[in-house]
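The structure appears right after this line, and notes come after that.
The values are calculated or read from the model by the stated rules, or taken from the named source; none is laboratory data. Just so it is clear, the model here is predicted, and its values are computed rather than measured. For neighbour counting, all protein chains shown are included, and Cβ atoms are generated from backbone atoms with ideal geometry for every residue, glycine included.
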């Protein structure tokens with residue numbers, strides 16, 4: 001009986017060891033649930049030096065090169081805020097529903113990222129053109145937007161332009177004993193910045209100015225406009241005026257308060273002719289064109 005148990009233990013051990021044998025030549029070998037640990041197949045954006053993988057020896061492309069992050073195909077436009085370009089906030093809900101398939105049966109619901117095309121290049125002529133053509137802020141002034149704009153401004157801008165927007169941030173202030181800034185940051189409380197259109201600010205955020213670098217990769221489309229709203233609120237405060245979700249006595253062309261925006265939207269909706277009584281039986285066809293388009297209203 002003892003010999004039988006010993007034989008059984010040896011047999012089971014041999015089977016277990018054989019089941020874990022590696023691949024060799026034409027033999028595939030054995031591995032317990034290999035996909036739980038690694039992939040023998042090629043996976044995009046994933047690269048692991050697994051010794052049983054024969055991709056590199058069997059392909060004209062190196063798996064390491066194909067697995068890394070790559071740039072999009074030239075001319076590719078991510079589906080994001082492109083459809084919002086020539087619209088104001090009163091049209092955002094309709095555009096969003098179209099992109100997300102909320103109101104049209106034939107629409108494809110795709111995640112909306114923060115990308116938006118910007119049709120101005122990094123030159124002084126284009127900076128001037130952006131300042132002349134981009135006037136309105138496409139987002140209304142809201143308490144939430146101003147709060148988010150303040151948080152973003154304090155993190156990204158305040159260290160140079162100052163918490164008050166006076167150009168006396170920590171990098172250039174007397175409170176910093178190591179201050180050696182090569183150029184004075186812009187003072188947003190000067191008349192030239194009071195009278196500047198929103199396009200001047202948006203273009204500077206996109207590309208930077210002088211020693212200031214661009215922040216297009218740090219602030220998304222809506223965040224840029226929230227920061228601009230907050231800068232306007234600092235300017236209004238300095239002038240002892242109001243720039244808030246309920247009132248804008250600073251400059252009506254710089255932003256529409258949420259209260260006024262909702263009133264205008266309600267008026268716009270009541271002006272729309274009522275649909276026929278049997279309209280529920282009529283299926284609205286999907287639009288033949290996307291809402292994306294050229295122009296530069298929102299940048």
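For the reader, a short list of remarks on this structure follows.
- Residue within the range 170-189 that is in contact (Cβ under 8 Å) with a residue 12 or more places away in the chain, part of a helix (DSSP H, G or I), buried (at least 20 other Cβ atoms within 10 Å of the Cβ) and touching a helix residue (DSSP H, G or I) at 6+ places or on another chain (Cβ under 8 Å) present: no
- Looking only at the range 133-148, and only at residues there that are in contact with a helix residue (DSSP H, G or I) (Cβ under 7 Å, 6 or more places away or on another chain) and not in a loop (DSSP other than H, G, I, E, B), the one that is surrounded by the most Cβ atoms within 10 Å (Cβ to Cβ): 141
- For the range 145-156, the set of residues classified as free of Cβ contacts under 8 Å to residues at least 60 places away in the same chain and over 18 Å from the mean Cα position of the chain (by Cα) consists of 147, 154, listed by residue number.
- Restricted to the range 42-128, the set of helices (runs of 4 or more DSSP H) holding at least 3 residues that are under 26 Å from the mean Cα position of the chain (by Cα) and modelled with pLDDT of 65 or more comprises 89-100.
- Scan of the range 190-209 for residues that are surrounded by fewer than 14 Cβ atoms within 10 Å (Cβ to Cβ) and either part of a helix (DSSP H, G or I) or within 25 Å of the chain's Cα centre (by Cα) (or both), ordered by number: 191, 192
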